[in-house]
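Here's the structure we're looking at; comments come further down.
The values are calculated or read from the model by the stated rules, or taken from the named source; none is laboratory data. These numbers were taken from a predicted model, which means no experiment stands behind them. All Cβ positions, even for glycine, are placed from backbone atoms using ideal geometry, and neighbour counts span all protein chains on display.
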Amino acid sequence: MKDANFSKKILCIGAGYVGGPTMAVIAAKCPQYKVTVVDINAARIDAWNSDKLPIYEPGLLDVVKQARGRNLFFSTDVDEAIREAEIIFVSVNTPTKSFGEGAGKAADLQYWELTARNIVRVSQSDKIIIEKSTLPVRTAEAMSRILNANEKGIRFEVLSNPEFLAEGTAVADLENPDRVLIGSQLTAEGIKARDAVVEIYANWIPKERILTSNVWSSELSKLVANAFLAQRISSINSISALCEKTEANVSEVSRAIGMDSRIGNKFLSSSVGFGGSCFQKDILNLVYICQSWGLTEVADYWEQVISMNEYQKRRFVQNMVKVMFNTVAGKRIALFGFAFKADTGDTRESPAISVAKQLLEEHSKVVITDPQALDNAKIDLADYADKLEFIPDPYEAAKGAHAIAVMTEWKEYKTLDYKRIFSDMERPSFIFDGRNVLDHKALFDLGFNVFPLGQPFHKHF
Ligand code: NAD
Ligand code: UGA
């Protein structure tokens, strides 16, 4: 189709885990729009233009192929793309600040601000700018000031449209979201811009699931959603520790409380700890914002969610050391999984990073296997490269090991031939199930000593 025939020209700046999948789904659902995704990282853009996408996400390649070259374009020509777009989503990274005021907590907004300044510099017409990145509440105010301080007479309307997709299920989450949230100023211009964005999503999402609110509620809702989700995991993980002391079983407790419709049964799986690029970062950001408003008790309350997560990761390794006769030095330990959850190759803040480092401090010989995340694992642990092995085949990884520790709930780990694995391991052989996904009784019957999380242990000694 010729450019002039597209009914809207949409741009996304930032071709990462959010920008790429989100725009691919918009383009696939709306062939009448021209959707362009730009990034300063040329290797990433090349990968989006190939059949080996830069991220592993089930079903994504099919969606990309449906629209790529038709109305979906990936490019590094940021300036040209800005000039022609009417609606610009900004989905650049907003990591935790590592320097200066707020280091270790506040969001680092430098990439966002650079993008905003670039938009002002090259724009020749009015545009709607959408915060897709997760940002501190009231960022839109600062962005609006920067954008609208231009002397070209160009007007930018800043909206918030946070993304709620989870990795591993991104395509399904985007195609069928629980809700889409669009925050705007409640002025005539703000509402007009909001309606233009509602119109995009209404192409495939029922209107009652498209929520609108003021900008600040929208920005804050994103941080709060992640804080509540992470809080549930820390809550159940805290109970896993108590279960281990009392012979209660955390899975039974989860089931019992989850059937209370007021509590609900999702996000109650005890684990070695939550990971991913956002939960920790967004809670730290929330904590920082509360502290800056003098809300010390509120900040402390949310900070505890992170402390509990750190405790769970430490507790997991301490338990391994204790159970394996108070030393793991020189012992080969195979980590099954390195991704922060199944169905992704992403390892950002994966609990496996912390577990691997703690085991290396204990002088273990650590072997890592994962179906999708070994390349990222090698980068995460580059400083320890000479002390580690990365082996794609789990059978090879477990050969000669004293213990297996399940870090990621990959479904292939449930159906491995554990009899074969057991026969190749050192005795006594241990399995620490950091995701409670294996059949513990069956493994015990094969001869393993099995240590689930928050459940009674199965040991032969
Ligand atoms: P990412 O690091 O995968 O992608 C960000 C991309 O932005 C990178 O490719 C980077 O090169 C690019 N970029 C940075 N500065 C740029 C600039 N000036 N011009 C062009 N490109 C630039 O990050 P992500 O995981 O996609 O997250 C993006 C935002 O979305 C974050 O704020 C995050 O909190 C939020 N978010 C992430 C997820 C998730 O599942 N990963 C889910 C919801 C929200
Ligand atoms: C999470 C949110 O679920 C998304 O809504 C949000 O958009 C996204 O963060 C974001 O802002 O980045 P994601 O981190 O991709 O998505 O994955 P989750 O499914 O939320 O899992 C996060 C971590 O919690 C994983 O390590 C997972 O294994 C762990 N988890 C999850 C548990 O330990 N127990 C559970 O019951 C559920």
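Please indicate, with yes or no, whether at least one residue in the range 240-254 is crowded, with 21+ Cβ neighbours inside 10 Å, touching a Cys at 6+ places or on another chain (Cβ under 9 Å) and among the hydroxyl-bearing types (Ser, Thr, Tyr).
Checked the range 240-254: no residue is crowded, with 21+ Cβ neighbours inside 10 Å, touching a Cys at 6+ places or on another chain (Cβ under 9 Å) and among the hydroxyl-bearing types (Ser, Thr, Tyr).
Quick check on Lys34: is it within 27 Å of Val120 (Cα to Cα), at pLDDT below 95 and either of a type in the set (S, T, N, Q) or surrounded by 17 or more Cβ atoms within 10 Å (Cβ to Cβ) (or both)?
For Lys34, the condition - within 27 Å of Val120 (Cα to Cα), at pLDDT below 95 and either of a type in the set (S, T, N, Q) or surrounded by 17 or more Cβ atoms within 10 Å (Cβ to Cβ) (or both) - is not met.
Check whether at least one residue in the range 28-49 is of a type in the set (A, V, I, L, M, F, W, C) and touching a residue at least 60 places away in the same chain (Cβ under 8 Å), and report yes or no.
Yes, the conditions are met somewhere in the range 28-49.
Condition test on Glu303, is it within 17 Å of Gly104 (Cβ to Cβ) and either in a helix (DSSP H, G or I) or of a type in the set (Phe, Trp, Tyr) (or both)?
In short, yes.
Which ones in the range 408-461 are over 24 Å from Lys341 (Cβ atoms), assigned to a loop (DSSP other than H, G, I, E, B) and either within 16 Å of ligand 2 (Cβ to nearest atom) or not basic (Lys, Arg) (or both)?
Matches in the range 408-461: Asp417, Asp424, Met425, Glu426, Pro428, Ser429, Gly447, Phe448, Pro456, Phe457, His460, Phe461.
Among the candidates Asp195, Asp173, Asp178, which residue alone is of a type in the set (D, E, K, R), without any contact (Cβ under 8 Å) to a residue 12 or more places away in the chain and within 15 Å of ligand 2 (Cβ to nearest atom)?
Asp173
Scanning the range 75-98 for residues that are part of a loop (DSSP other than H, G, I, E, B) and of a type in the set (Ser, Thr, Tyr), which turns out nearest to Ala24 (Cα to Cα)?
Ser91
Out of all the residues in the range 75-112, which are of a type in the set (D, E, K, R) and either at pLDDT below 95 or closer than 16 Å to Tyr288 by Cβ (or both)?
Within the range 75-112, Lys97, Glu101, Lys105, Asp108 meet the criteria.
When only residues in the range 261-276 that are surrounded by fewer than 21 Cβ atoms within 10 Å (Cβ to Cβ) and within 6 Å of ligand 2 (Cβ to nearest atom) count, which is farthest from Ala342 (Cα to Cα)?
In this case the residue turns out to be Leu268.
Conditions: (1) away from ligand 1 (no atom under 16 Å from the Cβ); (2) within 28 Å of the chain's Cα centre (by Cα); (3) of a type in the set (Val, Ile, Thr); (4) in a helix (DSSP H, G or I). Ile191 meets all but one. Number of the miss?
Checking Ile191 against (1) away from ligand 1 (no atom under 16 Å from the Cβ); (2) within 28 Å of the chain's Cα centre (by Cα); (3) of a type in the set (Val, Ile, Thr); (4) in a helix (DSSP H, G or I), the one that fails is (2).
Could you list, in sequence order, the residues of the range 318-340 that are assigned to a loop (DSSP other than H, G, I, E, B), farther than 20 Å from Ser307 by Cα and not small (Gly, Ala, Ser)?
Met324, Phe325, Asn326, Thr327, Val328, Lys331, Phe338
I'd like to verify a number: residues in the range 254-287 that are touching a Ser or Thr at 6+ places or on another chain (Cβ under 9 Å) and not in a loop (DSSP other than H, G, I, E, B), how many?
Going through the range 254-287 one residue at a time, the tally reaches 6.
Answer yes or no: is there a residue in the range 54-71 that is among the β-branched types (Val, Ile, Thr), within 15 Å of ligand 1 (Cβ to nearest atom), assigned to a loop (DSSP other than H, G, I, E, B) and more than 20 Å from the chain's Cα centre (by Cα).
The answer is no, given that none of the residues of the range 54-71 is among the β-branched types (Val, Ile, Thr), within 15 Å of ligand 1 (Cβ to nearest atom), assigned to a loop (DSSP other than H, G, I, E, B) and more than 20 Å from the chain's Cα centre (by Cα).
Residues Leu374, Leu335, Leu295: which one is closer than 17 Å to Pro392 by Cβ, more than 16 Å from ligand 1 (Cβ to nearest atom) and surrounded by fewer than 21 Cβ atoms within 10 Å (Cβ to Cβ)?
Of the residues listed, the single one that is closer than 17 Å to Pro392 by Cβ, more than 16 Å from ligand 1 (Cβ to nearest atom) and surrounded by fewer than 21 Cβ atoms within 10 Å (Cβ to Cβ) is Leu374.
Residues in the range 234-252: is at least one within 9 Å of ligand 2 (Cβ to nearest atom) and not in a helix (DSSP H, G or I)?
no
Taking Val171 as the residue in question, decide whether it is part of a strand (DSSP E or B) and not hydroxyl-bearing (Ser, Thr, Tyr).
Taking the combined requirement at face value, the residue does not satisfy it.
I'm trying to understand the selection: among the residues of the range 390-399, which are surrounded by 14 or more Cβ atoms within 10 Å (Cβ to Cβ) and more than 17 Å from Leu443 (Cβ to Cβ)?
Correct list: Phe390, Ile391, Glu396, Lys399.
Can you confirm whether Gly102 is more than 23 Å from the chain's Cα centre (by Cα) and part of a loop (DSSP other than H, G, I, E, B)?
no
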